[in-house]
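Read through the structure below, which is laid out as structure tokens, and then see the notes.
The values are calculated or read from the model by the stated rules, or taken from the named source; none is laboratory data. Computed from a predicted structure; not experimentally measured. Neighbour counts run over all protein chains shown; Cβ positions are idealised from the backbone, glycine included.
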């Protein structure tokens, strides 16, 4: 690692911190293996997305100010979540007195896979992962951050996560019937529209199961938590891993 | 009833809900395939969006151009500030003609104004001539979709309905047989109607003409047989020039049903000799929406219904779950502007997945407007309820110590409590989903132990 290499802050979403520490560890180790200087700034809380999506963006001023102050000193901020990154970029309220820092932050915050493909310019990852992997594209990552082409648009197909996964030795990419339909998590939607949320999740799982997915992965643990919750309840034998966990394991 | 309640009800019939989802997905898929055969598709969307931006920015002068040119063509132009004025104008024309039976081709605007019940109350028989609309009219239902009004019904249900209303053979579900029965029934209505009402898809400011798009030709049949044609048009339907149609007609049919072109794109410019042509320009909340900076883009809508077909919520909850004339994502950003209290759950009937915005032929940022409506709607909620718990959460998230304490408490509580308590009926998450297994330490704790 060069001493003048950019300093990267790892931003771990609150529910990942609390429920999926392994995803945080995998993200950290993966970035380090790729030669990055990474720090996890202490005192992280939540980006404020649950409140904002529920209609209370105006109540996230304190949360947002804290977030900006905490991450201001770093060259890049990287998170294993497309959804939280999208929130920071698009839905955090303007903080008076921190306009410049906030604008800067919006340009230096990245979702993990896009950081690897777009900033680290990794074209191909060498590694081994002999499993049938089904990818769940989180909507906020896909249509929000444009981490993959969307099926509605007439554009050249691309998928940043796929680019990293598909060169791994032994990995079989599962083609789904509906490549980018929402899983139904949607934050508070999961609770306020419980019946719909669960139906949508079941439908996504069926698509994966009928195409013989062995491991379901994605860039957002929130979607996966929801899908895993339904699968476990119904004794469906699918494994769930965040893409950071797969990449970290594969290239070790 | 709120959207969640209606959706829960809809999902009880699992087989039908699945069929509904798959039927609309089929339409969306068809739209995807045909849109990808047009290399300049995304450019067309961009041009359409810009034309509509121009229209909305200059709506007043385009409407005046349209009125002047239409009058030159011999069309009588009327203005209605709201639904009541619109309905009264229609009734006045009918009464002048001594007309007590009319035919109507599909018009979401007349649904929005509740024209049918108003005319029926005044002794006018109204026959909707679009097949799907006639079906829901027989059932006293509103359309459940703006392009596919009877999409919530299966063949068998229509067969039973036609057996009852049109005396078709019991149990005969053959679509050609049923359609033919409807044709014979409607033919009789067409021949008797002295006045025909149509909607308007596009009004052209430079020429004063308007275009009506149907697949069944029912607008043309109605208009050409009647003495008087009344066209009801929302003021946002204006296009500046006739050549703009080249952009919009290409987008409309492909987005709506995946067809290369709508079967009948009929241009109406002036009445035939001895006949009358009226056009009613209706505001009904549109100028109010135009004044809302964050939401005015919703007026670009050309009513193709693509956002409904693509919406994972709409497909699994049906049009009626929205309780608004225009259902689905576009309805959820239009309706709160008309009655925010009544439609307060609609902007929350979304995961903000963004598919609606990507499918929209005029690039309305639908999901962003859903997000913005949420911010507006919660302002009307009291300090208690949702507002309070969210403020508490903000208190936790802006303070690292409070977050740590509550996170640790939550994790240890989840570890210690028996499943029967975690999955009690008040825990909505746990009704049909397990919670993740609780790890012994958070990532923060791991990091402190191992890295600092």
Among the residues of the stretch B:99-122, which ones are touching a residue at least 60 places away in the same chain (Cβ under 8 Å) and in a loop (DSSP other than H, G, I, E, B)? B:99, B:105, B:106, B:107, B:113
Would you mind stating whether residue B:174 is touching a helix residue (DSSP H, G or I) at 6+ places or on another chain (Cβ under 9 Å), modelled with pLDDT of 95 or more, on the phi < 0 side of the Ramachandran plot and assigned by TED's automatic domain parsing to the domain that holds residue B:80? yes
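Look through B:412, B:399, B:406 and report the one residue that is modelled with pLDDT under 65 and within 29 Å of residue A:10 (Cα to Cα). Give the derivation first.
Details: B:399 fails: modelled with pLDDT under 65; B:406 fails: modelled with pLDDT under 65.
Matching residue, one of B:412, B:399, B:406: B:412.
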Restricting to the stretch A:1-20, count the residues that are modelled with pLDDT of 95 or more and closer than 13 Å to residue A:31 by Cα. 5
Residues being part of a helix (DSSP H, G or I) and within 26 Å of the chain's Cα centre (by Cα) - total across the stretch B:143-174: 5
Total residues in the stretch B:19-60, condition surrounded by 12 or more Cβ atoms within 10 Å (Cβ to Cβ) and within 8 Å of another protein chain (Cβ to nearest Cβ): 8
List the pairs whose first member sits in the stretch A:196-214 and is over 23 Å from residue B:2 (Cβ atoms), whose second member is assigned to a helix (DSSP H, G or I) and at pLDDT 95 or above, and whose Cβ atoms are under 7 Å apart, counting only residues at least 6 apart or on separate chains? A:204/A:227; A:205/A:227; A:205/A:230; A:205/A:231
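Starting from residues that are surrounded by fewer than 22 Cβ atoms within 10 Å (Cβ to Cβ) and in a loop (DSSP other than H, G, I, E, B), keep the ones in the stretch A:130-142 and report whichever is nearest to the chain's Cα centre (by Cα).
Residues of the stretch A:130-142 surrounded by fewer than 22 Cβ atoms within 10 Å (Cβ to Cβ): A:130-132.
Narrowing the set further to residues that are in a loop (DSSP other than H, G, I, E, B) leaves A:130-131.
On the way: A:130: 22, A:131: 21 Å.
The selected residue is A:131.
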All positions within the stretch B:328-361 that are away from chain A (no Cβ under 14 Å), outside any helix (DSSP H, G or I) and touching a residue at least 24 places away in the same chain (Cβ under 8 Å): B:341
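Yes or no, residue by residue, for (1) modelled with pLDDT under 95; (2) more than 26 Å from residue B:29 (Cα to Cα); (3) within 20 Å of the chain's Cα centre (by Cα):
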position: A:144; (1), (2), (3): no, no, yes
position: A:148; (1), (2), (3): no, no, yes
position: A:154; (1), (2), (3): no, no, no
position: A:158; (1), (2), (3): no, no, yes
position: A:162; (1), (2), (3): no, no, yes
position: A:180; (1), (2), (3): no, no, yes
position: A:186; (1), (2), (3): yes, no, yes
position: A:192; (1), (2), (3): yes, yes, no
position: A:199; (1), (2), (3): no, no, no
Tell me, which helices (runs of 4 or more DSSP H) wholly within the stretch A:160-225 include 3 or more residues that are within 13 Å of another protein chain (Cβ to nearest Cβ)? A:189-192, A:194-210
Count of residues meeting criterion [within 21 Å of residue B:113 (Cβ to Cβ) and within 13 Å of chain A (Cβ to nearest Cβ)] in the stretch B:305-327: 1
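State yes or no: is residue B:300 surrounded by fewer than 24 Cβ atoms within 10 Å (Cβ to Cβ) and under 16 Å from residue B:374 (Cβ atoms)? Spell out the reasoning first.
Working: surrounded by fewer than 24 Cβ atoms within 10 Å (Cβ to Cβ): yes; under 16 Å from residue B:374 (Cβ atoms): no.
No; evaluated as a whole, the condition is false for this residue.
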Take residue B:118 and decide whether it is under 25 Å from residue B:19 (Cα atoms) and modelled with pLDDT of 95 or more. no
For the stretch A:241-252, what are the residues that are more than 17 Å from residue A:17 (Cα to Cα), in contact with a helix residue (DSSP H, G or I) (Cβ under 8 Å, 6 or more places away or on another chain) and either within 14 Å of another protein chain (Cβ to nearest Cβ) or buried (at least 22 other Cβ atoms within 10 Å of the Cβ) (or both)? A:246, A:247, A:248
So which of B:368, B:293 is modelled with pLDDT of 95 or more, surrounded by fewer than 21 Cβ atoms within 10 Å (Cβ to Cβ) and within 12 Å of chain A (Cβ to nearest Cβ)? B:368
So for the stretch A:205-226 (the condition being within 20 Å of the chain's Cα centre (by Cα) and under 29 Å from residue B:251 (Cβ atoms)), does at least one residue qualify? no
Candidate set: the stretch A:33-75, residues that are surrounded by 24 or more Cβ atoms within 10 Å (Cβ to Cβ) and on the phi > 0 side of the Ramachandran plot; chosen: the one farthest from the other protein chains (Cβ to nearest Cβ): A:48
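Would you confirm, using the coordinates I've provided, whether residue B:318 is within 13 Å of the chain's Cα centre (by Cα), in contact (Cβ under 8 Å) with a residue 60 or more places away in the chain and under 19 Å from residue B:256 (Cβ atoms)? So that I can check it myself, show each step before the final result.
Working: within 13 Å of the chain's Cα centre (by Cα): yes; in contact (Cβ under 8 Å) with a residue 60 or more places away in the chain: yes; under 19 Å from residue B:256 (Cβ atoms): yes.
It is true that residue B:318 is within 13 Å of the chain's Cα centre (by Cα), in contact (Cβ under 8 Å) with a residue 60 or more places away in the chain and under 19 Å from residue B:256 (Cβ atoms).
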Kindly provide the set of residues from the stretch A:19-30 that are more than 9 Å from every other protein chain (Cβ to nearest Cβ) and surrounded by fewer than 23 Cβ atoms within 10 Å (Cβ to Cβ), ordered by number. A:26, A:29
